[in-house]
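*Asks:* I am attaching a structure below and will ask some questions about it afterwards.
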Ligand code: PGA
């Protein structure tokens, strides 16, 4: 891969109208032509994926979630085939907002991960401890459990053959303006690699792309990437601000 860092822009439920999204897309098409070091992946709401399908630029895009079945009587769900039909390549799975607000279990996330691999979508799997778990010093325990459960029944062959991304997103740092120190990010990212090494061996652990997410913005992104030893970031609220997103991309291009 040519790029050095991944920036996932998780627009969550921020985009309020088609006009706003079209306007943002025009902005992206104009301002991302010269990205050399950054792989930008935009995650808009499902209903705007078709706008991205029509206007391809120097960035990729994906869905914020998906169901694990390809079709059937599942009212309100979006299948991997529908996401692929929109030409999206990526899908966020196991985001803490899905776990917390929509009661997604590790088992369900695991089914989604398996389905994404099967349907050739690249999963971006989120893991991270909440504030209580952090206070009880259970961070590593939680990370290990979530990682192992989300990759249950995924073979070493699959992980060697296919692309996948992991994101360490401490729940207490998401949307709170509190961000994890680069030192802590580095420690957890090394821990994730260690677990992968134990289960899948050296090649998978070296290949894994690990991102950090949680209140990333233009004032902390440089330190997170250079001192936190991660391959990129997953940005929420700050990525729905055009100028702020551009500022972050410019900082990365200069690292
Ligand atoms: P935030 O969200 O940047 O708004 O903290 C990050 C995320 O949830 O991926």
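*Asks:* How many of the residues making up region 204-222 are more than 15 Å from the ligand (Cβ to nearest atom) and in contact with a helix residue (DSSP H, G or I) (Cβ under 6 Å, 6 or more places away or on another chain)?
*Replies:* Count: 4.
*Asks:* Here are 87, 12: which of them is on the phi > 0 side of the Ramachandran plot and within 16 Å of the chain's Cα centre (by Cα)?
*Replies:* Matching residue, one of 87, 12: 12.
*Asks:* Here is a further query. Taking the criterion of being in a helix (DSSP H, G or I) and loosely packed, with under 14 Cβ neighbours inside 10 Å, would at least one residue in region 172-192 satisfy it?
*Replies:* yes
*Asks:* Could you look through region 223-247, keep only residues that are in contact with a strand residue (DSSP E or B) (Cβ under 9 Å, 6 or more places away or on another chain) and part of a loop (DSSP other than H, G, I, E, B), and pick out the one that is nearest to the ligand (Cβ to nearest atom)?
*Replies:* Checking each candidate, the answer is 236.
*Asks:* Also: Among the residues that make up region 119-133, is at least one of them within 19 Å of residue 212 (Cβ to Cβ), loosely packed, with under 14 Cβ neighbours inside 10 Å and within 16 Å of the ligand (Cβ to nearest atom)?
*Replies:* yes
*Asks:* List every residue pair whose Cβ atoms lie under 6 Å apart, where the two residues are 6 or more positions apart in sequence or sit on different chains, the first residue falls within region 6-24 and is modelled with pLDDT of 95 or more, and the second residue, located anywhere, is away from the ligand (no atom under 16 Å from the Cβ).
*Replies:* 6/39; 7/38; 21/48; 21/51
*Asks:* Here's a follow-up. Within region 1-58, which residues are within 16 Å of the ligand (Cβ to nearest atom) and more than 20 Å from residue 166 (Cβ to Cβ)?
*Replies:* Result: 11, 13, 14, 15, 44, 45.
*Asks:* Is one or more of the residues making up region 193-213 assigned to a helix (DSSP H, G or I), at negative phi, in contact (Cβ under 8 Å) with a residue 12 or more places away in the chain and surrounded by 21 or more Cβ atoms within 10 Å (Cβ to Cβ)?
*Replies:* yes
The values are calculated or read from the model by the stated rules, or taken from the named source; none is laboratory data. If you're wondering where the values come from, they're calculated on a predicted model, not measured in any experiment. Note: ideal-geometry Cβ built from the backbone for every residue, glycine included; neighbour counts use all protein chains shown.
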